[in-house]
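Structure first, then comments.
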Amino acid sequence: MPSADAVARVDSHLHLWELGEGRYSWLQPGHGVLYNSFTAEQAWEALSGAGVQQAIVVQADDAASDTEAMLAAADANDWIIGVVGWLPLEDPSGAAALLEQWSANPKFCGVRTLIHDDPRPKVLELPAVRETLALLERAGIAFDVPDAFPRHLGQVAQLARDFPQLRVVVDHLGKPPRGGVEAMAVWEAQLRAVAAFPNTVAKVSGLHMDGAQFSTAALQQVWGVALEAFGPHRLMFGGDWPVSLLGASYAQTIAVAGDLIETLSPAESQAIWSGTALRTYRR
């Protein structure tokens, strides 16, 4: 694995949160280690210890307070170079107002909502959502799609086709099922359909899975599909800390990513470690 000095590293997918009344309602005691507050100071200790110099922080709650907290953390920490915040996708006028407000901060660089928690299978096709996506396209703001398989990944190719200037980011490689021949075949076909559009990129992140081994060997199949579909210049590394702690330490996550990436050329490695993220989020 290249040393941190040889290859600059940007973590494209990092979370921060502080538990409080009415915040992060999806977090419950059953989430174990995640049912805690995770601060910028804790994050920097993990990143710097693993040779990661910079990070993009990503929303973890569909609430304005989460985005505001991330922007405040970004203002206070130079290593946080971007914020992927939340907007109310089904409220275009409200989204426009918040976008204008938050875009005044140069670190605001992307939008995401927790659509994987929405039981509606075609939420990305709703007229109001598409109006908001058109707003993001005009503003030059990237759009992250979380945990898209199995409900939403099939819609992402159509979204990329309909909004050709919108930079569409598939978080966690769409969340491959990592088991079951049929399910993996469907995931692969849908991911390849998304990758056929040049305005799409994907994060090699969030691949820890209950009951599945997290290792270089265990990830070879999904890594091979992603690398062939997108190419290294449309893939980016994301640690998914602290969610990743459910499956591995941050150092272990970096080590597995490094083992996968080290077979590539220096230019290809640099793209995945930092170049794709910097280009996508215009950092």
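The table for this structure:
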item	result
Calculated [θ] (222 nm, deg cm²/dmol) that DSSP helices of n ≥ 4 give over the chain, each run adding -39,500 (n - 2.57)	-11000 deg cm²/dmol
Highest-MSF residue in the chain out of W26, W79, W223 [GNM, Cα springs under 10 Å]	W26
Euclidean distance between Cα centres, region 199-217 to region 151-165, Å	21 Å
Relative contact order, percent, the chain [alpha-carbon distance under 8 Å, six or more residues apart]	20 percent
Most mobile of G180, G231, G110 in a GNM of the chain (Cα contacts under 10 Å)	G180
FRET efficiency estimate (nearest 0.05) - Cβ-Cβ, A185 to R283, R0 41 angstrom	0.70
Distance in nm between pseudo-label sites at K122 and F197 (7 Å out along the Cβ direction from Cα)	1.6 nm
Estimated FRET transfer efficiency (T39, D91; beta-carbon r; R0 25 Å; 0.05)	0.25
Among 248-260, 36-48, the order from most to least packed when residues are scored by Cβ within 10 Å on average	248-260, 36-48
The chain: most fluctuating residue of F197, F237, F108 per GNM, C-alpha cutoff 10 Å	F197
Relative contact order (percent, whole number), region 110-236, Cα cutoff 8 Å, 6+ residue spacing	22 percent
Whole-number percent relative contact order across region 1-92, with pairs defined as alpha carbons under 8 Å at least 6 apart	31 percent
Three-way shape label, the chain, alpha-carbon gyration tensor, a/c 1.5	rounded
Percent accessible area from carbon and sulfur atoms, region 145-239, protein chains only, probe 1.4 Å	56 percent
Average accessible area per residue (Å²) across the chain - probe 1.4 Å, nucleic acids and ligands excluded	40 Å²
Length gained when the stretch A212-D78 is fully extended (0.36 nm per residue, less Cα-Cα span)	44.7 nm
Heavy-atom accessible surface of region 1-130: percent carbon and sulfur, 1.4 Å	53 percent
A139/L19 FRET efficiency (R0 25 Å; Cβ-Cβ; nearest 0.05)	0.20
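The values are calculated or read from the model by the stated rules, or taken from the named source; none is laboratory data. This structure is a prediction, so every number in the text was calculated from the model and none was measured. Cβ: placed from backbone, ideal geometry, glycine included. Neighbour counts: every protein chain shown. Areas reflect the complete protein model, heavy atoms only, side chains present, ligands, DNA and RNA absent. Shrake-Rupley method; radii C 1.70, N 1.55, O 1.52, S 1.80 Å.
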